[in-house]
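Participant: Mind having a look at this structure? Questions to follow.
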Amino acid sequence: MKLKIVSKETPQVRSMADKVRDLATSMGYTLDDHNPDVVIAIGGDGTLLRAIDFGKPIVTIRAGRRSFLMDVEPYNIENVLKRLKEGDYYVQEYPLLKITHQHGEKDVFNEAGILYDEPESIILTANFLETSITIEGDGLLISTPQGSTGWSLSITGVYLAVMNALEITLVSPILSAVKSLIVPRTQINLIMESKGYDQKARIVADGNVIGHVRPGDRISISPSKNAIIYRFHKIDPMRGIMPWRK
């Protein structure tokens, strides 16, 4: 089995990554950065996002400040490598989104959308299914179920507990009591409307700015493939929302 290791860039985690490399090669694994069978992510949830970009099944090792989605403790690495070779794990799938815009396209794990770039409101129209909504405010975010536990949760307080739905989050809407909409997993098209003068807004994907739009520009956010994580321990999805849970 061929492995690729993706790790957080700190001295402590680099040392842990070296340990994983040594253990893996001693157990008969091959290290392959170009065409691995499995990606080992060592770090926190940000490292997991980097690992997902490779499109391969992932094993997650906790070494981050929060690491809500990482299930393997550092002391258990050797045992997990043995179990991986034996196929002793269960598969957990996370639905991804694909954001398509004039600059290209990208798979998204948590959320994507359009946010203001300058300190003034923007007007956006969202078209999905047979519905159209137009809002003025700081922007719109479209979140996956796992993404609903992060940025969107801090805005709406809503946790999306089903896998076949999306959350549309209205960011600081003007004259609207609605903060979010729960919709079926479907394509959502966003259009930046004109306020009568030129504006620029940010296209965001998993917390990163990946481009800009101006009035009349469109982006689409649609269901994509699933990310696959090989799990060795149960993950409580409420752990990141309610840290006091045992």
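Participant: What residue, among those in the range 17-53 that are over 18 Å from residue 83 (Cβ atoms) and of a type in the set (A, V, I, L, M, F, W, C), is surrounded by the most Cβ atoms within 10 Å (Cβ to Cβ)?
Facilitator: Here the residue is 51.
A quick yes/no check of all residues on (1) over 26 Å from residue 153 (Cα atoms); (2) acidic (Asp, Glu):
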position	(1), (2)
72	no, no
78	yes, yes
81	yes, no
88	yes, yes
95	no, no
109	no, no
114	no, no
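Participant: Quick one: which helices (runs of 4 or more DSSP H) sit completely within the range 8-122 and have at least 3 residues that are hydroxyl-bearing (Ser, Thr, Tyr)?
Facilitator: Result: 11-26.
Participant: Need the failing condition index for residue 9 against (1) modelled with pLDDT of 95 or more; (2) more than 22 Å from residue 78 (Cβ to Cβ), just the number.
Facilitator: Checking residue 9 against (1) modelled with pLDDT of 95 or more; (2) more than 22 Å from residue 78 (Cβ to Cβ), the one that fails is (1).
Participant: Please give the number of the condition residue 169 fails out of (1) closer than 28 Å to residue 92 by Cβ; (2) without any contact (Cβ under 8 Å) to a residue 40 or more places away in the chain; (3) not in a loop (DSSP other than H, G, I, E, B).
Facilitator: Going through (1) closer than 28 Å to residue 92 by Cβ; (2) without any contact (Cβ under 8 Å) to a residue 40 or more places away in the chain; (3) not in a loop (DSSP other than H, G, I, E, B) one by one, residue 169 breaks only (2).
Participant: Let me ask something else about it. I need the full set of residues from the range 153-180 which are loosely packed, with under 15 Cβ neighbours inside 10 Å and aromatic (Phe, Trp, Tyr), in order please.
Facilitator: none
Participant: Still on this model: Quick one: in the range 67-124, of everything that is hydroxyl-bearing (Ser, Thr, Tyr) and under 22 Å from residue 144 (Cβ atoms), which residue is farthest from the chain's Cα centre (by Cα)?
Facilitator: 90
Participant: Does residue 73 satisfy the criteria of being surrounded by fewer than 21 Cβ atoms within 10 Å (Cβ to Cβ) and more than 16 Å from residue 206 (Cα to Cα)?
Facilitator: The answer is yes for residue 73.
Participant: Enumerate the pairs (first residue in the range 150-165 and closer than 18 Å to residue 45 by Cβ; second residue anywhere and of a type in the set (S, T, N, Q) and part of a helix (DSSP H, G or I)) with beta-carbon separation below 8 Å, excluding pairs fewer than 6 apart on the same chain, so at least 6 apart or on different chains.
Facilitator: Listed pairs, sorted by first residue: 159/148; 159/149; 160/148.
Participant: May I pose another question? If we keep just the residues of the range 111-141 that are acidic (Asp, Glu) and touching a residue at least 24 places away in the same chain (Cβ under 8 Å), which is surrounded by the most Cβ atoms within 10 Å (Cβ to Cβ)?
Facilitator: 111
Participant: Name the residue, out of 220, 224, that is at pLDDT 95 or above, closer than 11 Å to residue 101 by Cβ and under 24 Å from the mean Cα position of the chain (by Cα).
Facilitator: Criteria check complete, one pass: 220.
Participant: Considering only the range 36-87, state which residues are touching a residue at least 24 places away in the same chain (Cβ under 8 Å) and among the acidic types (Asp, Glu).
Facilitator: Within the range 36-87, 37, 45, 53, 71, 78 qualify.
The values are calculated or read from the model by the stated rules, or taken from the named source; none is laboratory data. Since the structure is predicted, the reported quantities are computational estimates derived from the model, not experimental observations. For neighbour counting, all protein chains shown are included, and Cβ atoms are generated from backbone atoms with ideal geometry for every residue, glycine included.
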